[in-house]
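Asks: Once you've had a glance at the structure underneath, I'll fire off some questions.
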Amino acid sequence: MKKIRVGICGLGTVGSGTFNLIGKNANEISRKTGGSVKVVQVGCRRPHPDCDLSTTDTTNDLFAVVNNPDIDVVVELIGGIDTALELVKQALSNKKHVVTANKALIAIHGEDLFKLAMDAGVCLKFEAAIAGGIPIVKAIREGLSGNNIEFLAGIINGTTNFILTEMEAAGNRSFSEVLKEAQDLGYAEADPTFDVEGIDAAHKMTILSSISFGVPLRFDAMYLEGISNITVEDIKYAGELGYKIKHLGITTKTDAGIDLRVHPTLIEKSHMLAQVDGVMNAVLVGSDAAGQTMYYGAGAGAGPTASSVVADIIDVMRDGDSVANLGFDALMDLPMVDISSIESAYYLRLRVLDKPGVLAKITTILSRYKISIESLIQKDAKRGEAPIILVSNIVLEKVMDEAIDAISNLDEVLTDITKIRVASF
Ligand SMILES: NC(=O)c1ccc[n+]([C@@H]2O[C@H](COP(=O)([O-])OP(=O)(O)OC[C@H]3O[C@@H](n4cnc5c(N)ncnc54)[C@H](OP(=O)(O)O)[C@@H]3O)[C@@H](O)[C@H]2O)c1
């Protein structure tokens, strides 16, 4: 019977969930694998109230875990970059398999780490880093392995999805009010920047793009926009036009290269992704043989994330060295598509002076740029001002930006023009 010996570094939300899941489902794991997973040592600064460590060796020296000769798999669950990077490097150099949930580490240092892992002939696995309990890496690398992946679109940050869902449901609560509630409920960190400015989603999309298209991890070159500028008005007007606003990660393999971006997006209400509400996550995958498939589930939390961590440990036990090569030795360095070169439909919102002929001036400028209007809302004027909201046809982003500049220069346009991309899948 195969036995795999695990060392867990970090006993917070995911570490405690992983420790407990391995204990709770030991019989089920044996039944499925014919082997067993044993936690030999835990590295933590303090015990976790949910974990009974009475029969487990614990240490506050994380490097004792990665240097422990009795450990086959190091599970890195401390988060952050610096110490985690040193730990993972040391573990790989010691020829130990590594399982991590650390998206920032993989998105920024993944290529070096995968090279180290391949040279050492061990696995570096990261399912939990992307969408918590959703096995999206497995879906791409195993279930869809016979396909060319064409695009991915994902709601992969529960905090931003919770905020947008609540803003829509309440109809009158601002971004900052709902963010405060998310913090009180534990869905958002005290410093929410990583989530609301889209950095967390960008780390995850970087990894998904790389494994889907066999390209380098290009976090540095991707386009990134958070949700802090989304207003209740935009959510309401998008709703009137038949859309929901979601914070989406999108990556597409195009003839010009890899399009990789994270930004708020209007999605038709009837689309599956528009139904993904609250803290839930989902990833839509477009592929040449299977067509579109969608993967939905909890993107965070002790249980869901531990589920992915434990599945990675079981993979190591089942396949060992044969899963070490993730294709990171044969990356195609395709160019990155600049955001100005993407094609999209656009939602525009502007506030104008309530004077005859203003709409005609705007449509004249749009038609000069060969942009047509698919739908339009013109609201009643208040205090001599009126909002205009429109959705365009699909055009090149730089053409839309030039048209927006020209419209902004009209004397009758009173504020900056809000531009949100509209999904076309
Ligand atoms: N939480 C989720 O739902 C989720 C989902 C997907 C992925 N992830 C990823 O999983 C990883 C862990 O997240 P988490 O939510 O479990 O974080 P967490 O609750 O903050 O846990 C991290 C743990 O690591 C410990 N730690 C940090 N540095 C240490 C050191 N030098 N020595 C000893 N212990 C140390 C911390 O101890 P102290 O408490 O003493 O600082 C804490 O117990 C992160 O990379 C995160 O991005 C989390």
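Asks: Taking R0 as 45 Å, what's the FRET efficiency between residue 141 and residue 269 from their Cβ-Cβ distance, rounded to 0.05?
Replies: Rounded to the nearest 0.05, the efficiency is 0.90.
Asks: How big is the Rg/Rh ratio for segment 1-157, C-alpha atoms only, Rh by Kirkwood, two decimals?
Replies: On the way: Rg = 15.9 Å, Rh = 16.4 Å.
Rounded to two decimals, Rg over Rh is 0.97.
Asks: Given Cα pairs under 8 Å that are at least 6 residues apart, what percent is the relative contact order of the chain?
Replies: Over the chain, the number comes to 16 percent.
Asks: Shifting gears a bit: What net charge is computed for the residues neighbouring residue 165, neighbours being all others with C-beta under 12 Å from the C-beta of residue 165, Lys and Arg scored +1, Asp and Glu -1? Present the calculation step by step, with values, prior to reporting the outcome.
Replies: Numbers: positive: 173, 244, 246; negative: 166, 168, 181, 277.
Summing Lys/Arg as +1 and Asp/Glu as -1 gives -1.
Asks: To the nearest 0.05, how large is the calculated FRET efficiency for residue 233 and residue 255 if R₀ is 35 Å and r is the Cβ-Cβ distance?
Replies: E between residue 233 and residue 255, to the nearest 0.05, is 0.40.
Asks: What does the extension gain come out to for residue 294 and residue 67, with contour length at 0.36 nm per residue minus their alpha carbon separation? Kindly include the intermediate steps, with their values, before the conclusion.
Replies: On the way: separation 227, 0.36 × 227 = 81.72 nm, distance 4.04 nm.
Once the chain is fully extended between residue 294 and residue 67, it gains 77.7 nm.
Asks: Can you grab the distance from the C-alpha centre of segment 169-226 to the C-alpha centre of segment 75-144, Å, no decimals?
Replies: 20
Asks: Additional query: Give me 100, 33 sorted ascending by neighbouring Cβ count inside 10 Å, so fewest comes first.
Replies: Going from least to most buried by this count: 33, 100.
Asks: Please report the antiparallel percentage of the DSSP beta bridges confined to the chain, to the nearest 5.
Replies: Taking every DSSP beta bridge within the chain, about 65 percent pair in antiparallel fashion.
Asks: Find the relative contact order for segment 339-422 and round it to a whole percent, using C-alpha pairs within less than 8 Å whose residues are 6+ positions apart.
Replies: Details: 143 pairs, mean separation 41.3, N = 84.
Computed value for segment 339-422: 49 percent relative contact order.
Asks: Set the Förster radius R0 to 35 Å, insert the Cβ-Cβ distance between residue 46 and residue 185 as r into 1/(1 + (r/R0)^6), and round the FRET efficiency to 0.05.
Replies: 0.90
Asks: Under the 0.36 nm per residue contour assumption, what length would be gained going from the current alpha-carbon distance of residue 83 and residue 364 to full extension?
Replies: 95.4 nm
Asks: At 7 Å along the Cα-to-beta-carbon direction for both residue 2 and residue 383, put a label point, then send me their distance in nm to one decimal.
Replies: Each label point lies 7 Å from its Cα, and together they span 6.9 nm.
Asks: Going by average Cβ neighbours within 10 Å, how do the peptides 273-285, 49-61, 362-374 rank, with the highest at the top?
Replies: Per-residue Cβ counts within 10 Å, averaged per peptide and sorted highest first, yield 273-285, 362-374, 49-61.
Asks: Bin width 20 Å, origin at 0, all Cα-Cα pairs of the chain: what percent of pairs per bin?
Replies: 25, 51, 20, 4, 0
Asks: Here is a further query. Return 109, 247 ranked ascending by Cβ neighbour count within 10 Å, so the fewest neighbours appear first.
Replies: By the 10 Å Cβ count, ascending: 109, 247.
Asks: Starting from the Cα gyration tensor of segment 136-298, multiply each eigenvalue by 5, take the square root, and state the resulting semi-axes largest first in whole Å.
Replies: Values: eigenvalues 151, 57, 39 Å².
Result for segment 136-298: semi-axes of 27, 17, 14 Å.
Readers should treat all values here as calculations from the given coordinates under stated rules, not as data from a laboratory. Because the structure is a prediction, the values reported are computed rather than measured. Reconstructed Cβ throughout: ideal geometry from the backbone, glycine too, with neighbour counts over all protein chains shown.
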